[in-house]
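The values are calculated or read from the model by the stated rules, or taken from the named source; none is laboratory data. Please read these numbers as outputs of a predicted model, since none were measured by experiment. All Cβ positions, even for glycine, are placed from backbone atoms using ideal geometry, and neighbour counts span all protein chains on display. What goes into the accessible areas is simple: the full protein's heavy atoms, side chains included, and nothing from ligands, DNA or RNA. Shrake-Rupley method; radii C 1.70, N 1.55, O 1.52, S 1.80 Å.
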Amino acid sequence: MKRAQFLFGVLGILALLTPKLSAQETPKPENKVPASTLKVQVTFTESQGEKKLANLPYTFYVQAGERGISPFTKVRMGSRIPVYVGKDAGMQYIDIGTNIDARGFATEGGKFDVILSLERAWVEGDVAVPAEKPVGNPTIGASGQFYEPIIRQFKTELTLAMKDGQTIQTTQAADPLSGRILTITVVMNVVK
């Protein structure tokens, strides 16, 4: 008898919950901005006076969708160079080259916000530094000196409102020690 009452109780609860379970609404699709693929070219141009010293182009693709959802595109190009940091610590490696992090978002009127974080580091000569000569370190000469690289660096973060096919000369900066000018140009095209 108790089993029958228990069974009727469970069936009664299930009967009450069944309409709620089957009547759930399916979520409506949100009005999402369709993702677009952007082809972005970032060019670092170094010059001194009227003379162009280097022209370094980097081309990559960015998925541009809704703000906060679009993934990052990352470009890393360079080398790791050894730097002597002392008798106890030995060598440390420093990244030299170009790092680019990019993101894109579709905005109104067929434009896109292209968000860039750019970093460039390069070796420009070296300087003699006195040191005790540790055993087995070929970078330190017989005179107790070693040559430490001089590392130059440039960093910037940008948000550019761009339309298809647009070119922007976005940044121009001068190195205070060498007088070299670094110019950054960005080109963006929508891939169809």
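If you count only protein heavy atoms with a 1.4 Å probe, what accessible area per residue comes out for region 40-93, rounded to a whole Å²?
On the way: 3560 Å² over 54 residues.
About 66 Å² of surface per residue is accessible.
Give the aspartates and glutamates whose C-alpha is closer than 15 Å to that of Lys192, dropping any in the same chain fewer than 8 places away, or say none.
Asp164
For region 76-128, state which chymotrypsin sites (Phe, Trp or Tyr not before Pro) are in a DSSP loop and have at most 16 other beta carbons lying within 10 Å of their beta carbon.
Values: sites: Tyr84, Tyr93, Phe105, Phe112, Trp122; in loops: none.
Passing both the DSSP loop test and the Cβ count: no residue.
What ³J(HN,Hα) values, in whole Hz, does the Karplus curve 6.51 cos²θ - 1.76 cosθ + 1.60 give for region 180-187 when θ = phi - 60°, with x put for Gly and Pro?
Calculated HN-Hα couplings, in order: 5, 9, 10, 10, 10, 10, 10, 10 Hz.
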